[in-house]
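Structure, as structure tokens:
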Amino acid sequence: MKPKKGFWKLVGLLSALSLVFLSGCSKLAVLNPQGPVAKTQSDLIIWSMWMMLIVVVVVFAIFIFVLVKYREKPENMDYEPPEQEGNLKMEVIWTAFPIIILILLAVPTVKAIYSAEEVPAESKDKDPIVIHVTSANWKWIFSYPEQNIETVNYVNIPADTPVKFELTAQGPMNSFWVPELGGQKYSMNNMSMPLYLEADKPGSYMGRSANFSGEHFTQMQFEVQAQTDKDFKEWVSDVKGTAGKLTEKKYDQILSPGVVGRQTYNGTHLKWIDHAKDVYIPGKELERGTGHDHSKMKEDEKTSNEEMENMDHSNHE
């Protein structure tokens, strides 16, 4: 029948257009993975898109089929559909189909979430390099505790080696994101948020802020430079030999709200302040250990209760 022929042509056109749209996504950074973490997440995105495409094609196919088959025409003017109390077969289909789709989406999603919280499976035999990341208005500060150096608005890492970023913030919450290496994760004051990333090969990968944090948050961009192990060690040695020493006074200047360029220092601020644990207000006395310590609040509450119990109520009698 002609309607059926036209119907299948339309379905084919929709499928072709969907493939064209999907192919256009290949230019997106999140779909151009350059590391195992990003590859896992990219595969999950593509898998989810295919699942959604199947749903869209099936729904539109049924919709168009019904429109064509049961459209108003002379031979259908007196048609009255028979009364039905139910159709067990159809009810099972439209109940089971969404459940299957949800399972197909949920299982790989849960696996990807848990895998992102540890060293990539491909690099289990390698010790990760640890880099502390502090977001501030409006710059990114990278501290290398093992190498005892610090950079601002750029970070060098060895390629083919897992990196554990310890994210925190001095000021408003932000979001650390390197699209080609992995998904974003929030940086928050008085908290440490671990993020594992890895670059497959040497190269330059741009990172950015993915969370509004004030006037210049769009300028909170940084470069991740993946190097060979030899080049990375040479860079660390060069920084130690040529970069200026990081002092508390200089660090106060870095934390002042504003946009700055790339900077490199010998030493790290971790010697006197850990933003994941301490409250730091430039120019004021440091309040240490307030990040997750609720004991002081409990002691104050206990003291307050004792004072209330011992209060003289004679004036109210």
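The values are calculated or read from the model by the stated rules, or taken from the named source; none is laboratory data. In this text the structure is predicted, and so the values were computed from the model without any measurement. Cβ coordinates were reconstructed from backbone atoms using ideal geometry, including for glycine residues, and neighbour counts include every protein chain displayed.
Conditions tested, residue by residue: (1) at pLDDT 95 or above; (2) within 15 Å of the chain's Cα centre (by Cα).
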{"residue": "162", "(1), (2)": "yes, no"}
{"residue": "179", "(1), (2)": "yes, yes"}
{"residue": "216", "(1), (2)": "no, no"}
{"residue": "223", "(1), (2)": "yes, no"}
{"residue": "227", "(1), (2)": "yes, no"}
{"residue": "231", "(1), (2)": "yes, no"}
{"residue": "238", "(1), (2)": "yes, no"}
{"residue": "243", "(1), (2)": "yes, no"}
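Six or more apart or on different chains, Cβ atoms under 8 Å: show the pairs whose first residue is in the range 220-233 and surrounded by fewer than 21 Cβ atoms within 10 Å (Cβ to Cβ) and whose second is of a type in the set (Phe, Trp, Tyr) and assigned to a helix (DSSP H, G or I). Pairs that qualify, where the first residue is surrounded by fewer than 21 Cβ atoms within 10 Å (Cβ to Cβ) and the partner is of a type in the set (Phe, Trp, Tyr) and assigned to a helix (DSSP H, G or I), are 227/235.
With the structure loaded, tell me whether residue 146 is modelled with pLDDT of 95 or more, acidic (Asp, Glu) and in contact with a His (Cβ under 9 Å, 6 or more places away or on another chain) or whether it fails that test. Explain how you work it out, then say what you get.
Values: modelled with pLDDT of 95 or more: yes; acidic (Asp, Glu): yes; in contact with a His (Cβ under 9 Å, 6 or more places away or on another chain): no.
In short, no.
Of the residues making up the range 75-84, none is acidic (Asp, Glu), in the same structural domain as residue 104 (by the TED database) and in a helix (DSSP H, G or I). Looking across the range 238-270, the residues that are hydrophobic (A, V, I, L, M, F, W, C) and in a loop (DSSP other than H, G, I, E, B) come down to 243, 246, 259, 260.
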